[in-house]
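The values are calculated or read from the model by the stated rules, or taken from the named source; none is laboratory data. These figures come from a predicted structure and were not determined experimentally. In this analysis, Cβ positions are derived from the backbone assuming ideal geometry, glycine residues included, and neighbour counts consider all displayed protein chains.
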Amino acid sequence: MTIAGIALHPLTAPATAAQTWQLDRTLSALYLLVAADLPADTREAFLEGFKSKENWYGVPIADIAVTYADGTERTQPIYYGSEVRAVSVDDPKPHAWGALGWAPIDADGTPRMAYLLELPNPTPAVTVTSITFTPRETGCTPMLLGLAARSVR
């Protein structure tokens, strides 16, 4: 699967719970293909929270933790609104301005709009031992659908 020129490795099933992948390699950037589901029973409360001042950039719905061989860890949130949205695949304006690109995909039999995110690695010479995807309890279900890494050359 390729989105915005990035070849991604699709996951067997969308990751919707905490999950860790071993990498043991150096990389200059990590690419994530993400989608979100906003169930009807939580939609209204979630969207009200989205309007609050502290969520001007978006609501953090998941975290990506990068663990390095030197023992350090860097965690970056994934934001609903700026990086991923729960919109139908035929929405005329599916944009999330923080994403590199988006495309409709089939995620476990359900059509979803998926968004490609880039996480540059600030220490590309240090081996990344693992990455961990951890959803937050927000009423919105984030889904990690695919991964790719650009290696240091």
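Only residues that are surrounded by fewer than 19 Cβ atoms within 10 Å (Cβ to Cβ) and aliphatic (A, V, I, L, M): list them for the stretch 113-146, please.
Within the stretch 113-146, L119, A125, V126 meet the criteria.
Being polar (S, T, N, Q) and at pLDDT 90 or above, is that true of even one residue in the stretch 78-92?
Taking every residue of the stretch 78-92 in turn, at least one turns out to be polar (S, T, N, Q) and at pLDDT 90 or above.
Do the conditions hold for T110, that is, is it out of contact with any strand residue (DSSP E or B) (no Cβ under 6 Å at 6 or more places or on another chain), among the hydroxyl-bearing types (S, T, Y), without any contact (Cβ under 8 Å) to a residue 12 or more places away in the chain and surrounded by fewer than 21 Cβ atoms within 10 Å (Cβ to Cβ)?
The answer is yes for T110.
Of everything in the stretch 55-68, what is surrounded by 12 or more Cβ atoms within 10 Å (Cβ to Cβ) and not β-branched (V, I, T)? Give them in sequence order.
Passing the criteria: N55, Y57, G58, P60, A62, D63, A65, Y68.
Just checking, which of S151, S88 is under 27 Å from T26 (Cα atoms) and hydroxyl-bearing (S, T, Y)?
After ruling out the rest, the residue left standing is S151.
I'd like to check something: does the stretch 85-95 contain any residue that is acidic (D, E), farther than 22 Å from T20 by Cβ and surrounded by 12 or more Cβ atoms within 10 Å (Cβ to Cβ)?
Among the residues of the stretch 85-95, at least one is acidic (D, E), farther than 22 Å from T20 by Cβ and surrounded by 12 or more Cβ atoms within 10 Å (Cβ to Cβ), which makes the answer yes.
Would you be able to tell me the number of residues in the stretch 16-54 that are at pLDDT below 90, surrounded by fewer than 15 Cβ atoms within 10 Å (Cβ to Cβ), within 19 Å of T75 (Cβ to Cβ) and of a type outside the set (A, V, I, L, M)?
1
Criterion first (surrounded by 13 or more Cβ atoms within 10 Å (Cβ to Cβ), farther than 16 Å from P142 by Cα and out of contact with any Pro (no Cβ under 6 Å at 6 or more places or on another chain)) does T72 satisfy it?
No: the conditions fail for T72.
Considering only the stretch 58-98, state which residues are among the aromatic types (F, W, Y) and outside any loop (DSSP other than H, G, I, E, B).
Across the stretch 58-98, the qualifying residues are Y68, Y79, Y80.
Pairs only if they're at least six apart or on different chains, beta carbon under 6 angstrom, first in the stretch 88-106 and under 17 Å from G58 (Cα atoms), second β-branched (V, I, T) and assigned to a loop (DSSP other than H, G, I, E, B); list them, first residue then second.
P94/V87
Which count do you get for residues in the stretch 32-73 that are over 18 Å from the mean Cα position of the chain (by Cα) and on the phi > 0 side of the Ramachandran plot?
Counting residues in the stretch 32-73 that are over 18 Å from the mean Cα position of the chain (by Cα) and on the phi > 0 side of the Ramachandran plot gives 1.
Restricting attention to the stretch 101-108, does a residue exist that is in contact with a Phe, Trp or Tyr (Cβ under 7 Å, 6 or more places away or on another chain) and outside any strand (DSSP E or B)?
No, because not a single residue in the stretch 101-108 is in contact with a Phe, Trp or Tyr (Cβ under 7 Å, 6 or more places away or on another chain) and outside any strand (DSSP E or B).
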